[in-house]
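**Q** The structure that follows is given in the form of structure tokens.
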Amino acid sequence: MLIDRYKRIINYLRVSITDYCNLKCIYCAPYGGGAKLPHKEILRYEEILRIIKTGIRLGISKVRITGGEPLARKGVYGFLSKLMGLDGLSDVSLTTNGVMLKKNINRIKDAGIKRINISIDTLHKEKFKEITGRDHFNLVREGINLALKKGFNPVKLNVVVLPGINDDELTAFARLTLDNPFHIRFIEYMPIGTDIIDVKKRLLYPEIKARLGGIGEMIPVENGINDGPVMRYKYKGAAGEIGFISPISNHFCSTCNRLRLTASGHLRPCLLSDRQVDLKTPLRSGASDQEIADIFLKTVFFKSFEHHLTADGAAGIAGQMQAIGG
Ligand code: SAM
């Protein structure tokens, strides 16, 4: 079992399989979305699977595949099938920007993935281009609709609340849940690796929620076992639901159950700290399963009680989200 110094049980591994992204969102990859790591510095799929298997032996039961853009990595569907074939995982999910969904939805389904999160921060084509640097709005919307049609359940939409950029669209997003079974997740913007958002205009959970109150009665929904720190609500009679993820205003460190594996092969105890432990070098130098397990234990030991990121970015995290995996 992975238990940290504060008695938190760690059973969730978020795995970034590439640092490349085919979008370059202003708040996530402010210096451009292209790959920065040379190919040989990125963990191979067999290496990732070996690490995950070790994690499973230590109690990891939940895995999320992320990036960069995971669907942009060659061979990803074969990897997802192998991942789904591992014994011991009760929950495997995927976070994608949706650009490649339409074309590949059957391959994702065939691999056995049932839960998918799609990031979309605006419902306007032009604004989408401004935020992401690419004209792929229609592709993403079509991918989202197809995901619903193909029976992914739930289809979660990640909306990062960007003050001055998309906060005029929060009600439009929430209204989508009235007739569609989407789970919309409003995520507080985390000032990491960029000062692109004016932090003085910060928009945090209490205000985001208050702005959505006019749509209808918001009924709290009890969290399921794999839900993590989201605060869930449903409008009366709605097909879908909304949720709030508030890493800044109401951080959920006390219940943190996660580790992150970066594409470069580092284990990170916390998204919001630059601390990480190299796993790739030992792995490629012939480390035994026990030695890999020891690196998990060491990383878990490094988990701090809580992060120190505030709405004005006071923790000074240098890494870009795109490289860490969100
Ligand atoms: N490319 C995939 C995608 O777009 O979903 C996966 C990687 S992306 C880094 C994972 C999530 O992190 C996305 O939902 C993204 O919006 C979110 N994210 C990126 N930068 C963020 C920030 N500064 N604050 C809050 N969320 C952020």
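The values are calculated or read from the model by the stated rules, or taken from the named source; none is laboratory data. Note that the structure is predicted; figures quoted are calculated from it, not measured. For neighbour counting, all protein chains shown are included, and Cβ atoms are generated from backbone atoms with ideal geometry for every residue, glycine included. Just so you know, the surface numbers come from the protein's heavy atoms only, side chains and all, with ligands and any DNA or RNA stripped out. Shrake-Rupley method; radii C 1.70, N 1.55, O 1.52, S 1.80 Å.
**Q** Just list whichever of LYS53/LYS74; LYS156/LYS303; LYS53/LYS149; LYS53/LYS303 have alpha carbons separated by over 26 Å in the model shown.
**A** Check vs 26 Å cut-off fails for LYS156/LYS303; LYS53/LYS149.
**Q** Pop out the ³J(HN,Hα) list for the range 112-126 in order, Karplus 6.51 cos²θ - 1.76 cosθ + 1.60 with θ = phi - 60°, rounded to Hz; leave Gly and Pro as x.
**A** Per-residue couplings from phi come out as x, 6, 10, 10, 9, 10, 10, 8, 8, 10, 8, 9, 10, 4, 5 Hz.
**Q** In the chain, what % of DSSP beta bridges are antiparallel (nearest 5)?
**A** 25 percent
**Q** Also, quick follow-up: Relative contact order for the range 2-324 using alpha-carbon pairs under 8 Å, separation at least 6, rounded to a whole percent?
**A** 21 percent
**Q** Here is a follow-up. Largest first, what is the accessible-area ranking of THR255, THR95 with a 1.4 Å probe?
**A** Reading off the accessible areas and sorting them downward yields THR255, THR95.
**Q** Determine the shape class of the range 181-277: with a ≥ b ≥ c the square roots of the Cα gyration tensor eigenvalues, call it rounded for a/c under 1.5, and otherwise prolate if a/b is greater than b/c, oblate otherwise.
**A** Oblate, because a/c is 1.5 or more while a/b does not exceed b/c.
**Q** Where the convex hull is taken over the Cα atoms of the chain, what is its projected area averaged over directions, in nm²?
**A** 15.1 nm²
**Q** Can you give me the relative contact order of the range 176-300 as a percent, contacts being Cα pairs under 8 Å and 6 or more apart?
**A** 24 percent.
**Q** Take LEU37, LEU80 and sort them by solvent-accessible surface of the protein heavy atoms, 1.4 Å probe, largest at the top.
**A** Result of the area sort, largest leading: LEU37, LEU80.
**Q** Please calculate the 1.4 Å probe accessible area of LYS129, with all protein chains present, and give it to the nearest 10 Å².
**A** My reading of the accessible area for LYS129 is about 90 Å².
**Q** Oh, and also: Keeping every protein chain present and rolling a 1.4 Å probe, give me the accessible area per residue for the range 2-324 in Å².
**A** Value returned for the range 2-324: 43 Å² of accessible area per residue.
**Q** What list of ³J(HN,Hα) values in whole Hz, one per residue of the range 158-163 in order, does the Karplus curve 6.51 cos²θ - 1.76 cosθ + 1.60 (θ = phi - 60°) give from phi, with Gly and Pro shown as x?
**A** 8, 10, 7, 7, 10, x
**Q** Taking the range 1-141 as the region of interest, what is the percent of Cα-Cα pairs per 10 angstrom bin, listed from the shortest bin to the one with the maximum distance?
**A** Per 10 Å bin, starting at zero, the Cα-Cα P(r) for the range 1-141 comes out as 11, 38, 33, 16, 3 percent.
**Q** If a cysteine in the chain has no other Cys Cβ under 4.7 Å from its own Cβ, put it on the list, ordered by number.
**A** If one checks each Cβ against the other cysteines of the chain, CYS21, CYS253, CYS256, CYS270 turn up with nothing under 4.7 Å.
**Q** Per the 1.4 Å probe, what fraction of the accessible area of the range 2-324, in percent, lies on carbon and sulfur atoms?
**A** Of all accessible area on the range 2-324, carbon and sulfur atoms account for 52 percent.
**Q** Note the full-extension length gain between ASP91 and GLU47 as 0.36 nm times their separation in residues minus their Cα-Cα distance, in nm to one decimal.
**A** Length gained between ASP91 and GLU47: 13.8 nm.
**Q** Continuing with this model, one more query. Pull out a ≥ b ≥ c, the square roots of the eigenvalues of the alpha-carbon gyration tensor of the range 99-258, then state rounded if a/c is under 1.5, prolate if not and a/b is larger than b/c, and oblate in the remaining case.
**A** Note, shape of the range 99-258 comes out rounded.
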